[in-house]
Amino acid sequence: MALLVGSSGPIVPHLPAAGASGVVRECERMGANRHLGGRTVGTTDAPRTGLRLMAVHAHPDDESSKGAATTAMYAAQGVEVLVVTCTGGERGSILNPRYPVRPSSPEEMADIRREEMAAAAAALGVRHHWLGFVDSGLPEGDPLPPLPEGCFALVPLEEAAGPLVQLVREFRPHVMTTYDPTGGYPHPDHVMCHKVAAEAFAAAGQADRYRGRGEPWAPHKLYYNHDFSLNRISTVHQAVVDAGLESPFGDWVASRAMREIPERQVTTRVRCADHFADRDAALVAHATQIDPEGFFFAVPRDLEIDVWPVEEYELAESRVPTTFPEDDLFAGIHPEDDR
Ligand SMILES: [Zn+2]
């Protein structure tokens, strides 16, 4: 972890208000902050206005399975939350055996996934923006086939990161989230998603980089999502077994433990269980991808809240001082410093 404690990125004064210019204005504002004035939960009761969070994901549905309740919680508290999806998920297949129809073309699939994404964003109460790259698909076989021409993972880094740098400079997030360098799992779009988010975090504040893509803005913190740690899955699995229920996670725990994938560091645990229902609603909105009777919903919610009421993160980069462990992605950030 490269932690630049005590240093401060360039803060450009007198910029227009966030969202005042093109790219963000075009975002699909799906019920943004719809929770405002409703439940107040989380680490503070004070409204968190003036703070901005950008969650960068590879495909539509990733925002609902990784860090989803965190985004819903912050949106409910008054934080501006923008979910960014790098690709359209065009190469996804129907993963829900209960989905009633089969799309007749990739275009129809893309249309369905756009509608699903809009419904998920509304369920989370966040804004959403498509970066517009084409899904690389998950290569399968031995040897693996080459990636399809023109797909996201094959776009040169500067070309792929340019639109995100522009979006960062317009939305001016204090905090960005994305995946760790492995992608969390070896989908080429997830690895590429990490690369472009890390590049945007590093370069958006530098005036001599990505010229013509807006005024510099250096986000303060970059986090990696860690929602599928062996620790979480095995803890939830054990609780389900102890409750005398059938766990869908036994094979997962065994194969994961066997592969000896090193566990990433967790620096930050956000208590967001009051928004698990929003996460679940967002997952269900991705009806082509998520089986409402599948493993995402196999754990009784009160049991999950009992044993794992948090979402976990690794602070990968910080331009503000902070202390560990954290319970808030905005720890150490004061929006009044922006002015
Ligand atoms: Zn994905």
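Looking at Arg279, Arg271, which one is over 26 Å from Arg98 (Cβ atoms) and in contact (Cβ under 8 Å) with a residue 24 or more places away in the chain? Don't jump to the end; show me each part of the working.
Details: Arg279 fails: over 26 Å from Arg98 (Cβ atoms).
Unique residue meeting the criteria: Arg271.
Among the candidates Ala121, Ala110, Ala161, Ala153, single out the residue that is part of a helix (DSSP H, G or I) and touching a strand residue (DSSP E or B) at 6+ places or on another chain (Cβ under 6 Å).
Values: Ala110 fails: touching a strand residue (DSSP E or B) at 6+ places or on another chain (Cβ under 6 Å); Ala161 fails: touching a strand residue (DSSP E or B) at 6+ places or on another chain (Cβ under 6 Å); Ala153 fails: touching a strand residue (DSSP E or B) at 6+ places or on another chain (Cβ under 6 Å).
Only one candidate qualifies: Ala121.
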Out of the residues in segment 166-194 that are within 16 Å of the ligand (Cβ to nearest atom) and among the charged types (D, E, K, R), state the one that is farthest from Ala58 (Cα to Cα). Asp180
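Is it the case that some residue within segment 309-318 is outside any strand (DSSP E or B), modelled with pLDDT of 90 or more and buried (at least 19 other Cβ atoms within 10 Å of the Cβ)?
Keep residues of segment 309-318 that are outside any strand (DSSP E or B), which gives 309.
Filter once more, keeping what is modelled with pLDDT of 90 or more: 309.
Filter again for buried (at least 19 other Cβ atoms within 10 Å of the Cβ), leaving none.
Scanning segment 309-318 turns up no residue that is outside any strand (DSSP E or B), modelled with pLDDT of 90 or more and buried (at least 19 other Cβ atoms within 10 Å of the Cβ).
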In the set Ala204, Ala197, the lone residue that is within 16 Å of the ligand (Cβ to nearest atom) and surrounded by 18 or more Cβ atoms within 10 Å (Cβ to Cβ) is Ala197
Quick check on segment 66-125: of everything there that is small (Gly, Ala, Ser) and free of Cβ contacts under 8 Å to residues at least 12 places away in the same chain, which residue is farthest from the ligand (Cβ to nearest atom)? Ser104
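Condition first: in contact with a strand residue (DSSP E or B) (Cβ under 6 Å, 6 or more places away or on another chain) and either of a type in the set (Gly, Ala, Ser) or surrounded by fewer than 16 Cβ atoms within 10 Å (Cβ to Cβ) (or both). Now tell me which residues in segment 70-107 satisfy that. Give the derivation first.
Here is the first cut: in segment 70-107, the ones in contact with a strand residue (DSSP E or B) (Cβ under 6 Å, 6 or more places away or on another chain) are 70-71, 74-75, 79-87.
Result: Ala75, single match.
For (1) closer than 23 Å to His194 by Cα; (2) acidic (Asp, Glu), each residue gets a yes or a no:
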| residue | (1), (2) |
| --- | --- |
| Ala281 | no, no |
| His286 | yes, no |
| Glu293 | no, yes |
| Ile305 | no, no |
| Pro309 | no, no |
| Glu314 | yes, yes |
| Asp338 | no, yes |
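The values are calculated or read from the model by the stated rules, or taken from the named source; none is laboratory data. Fair warning: this is a prediction, and the values are worked out from it, not measured in the lab. All Cβ positions, even for glycine, are placed from backbone atoms using ideal geometry, and neighbour counts span all protein chains on display.
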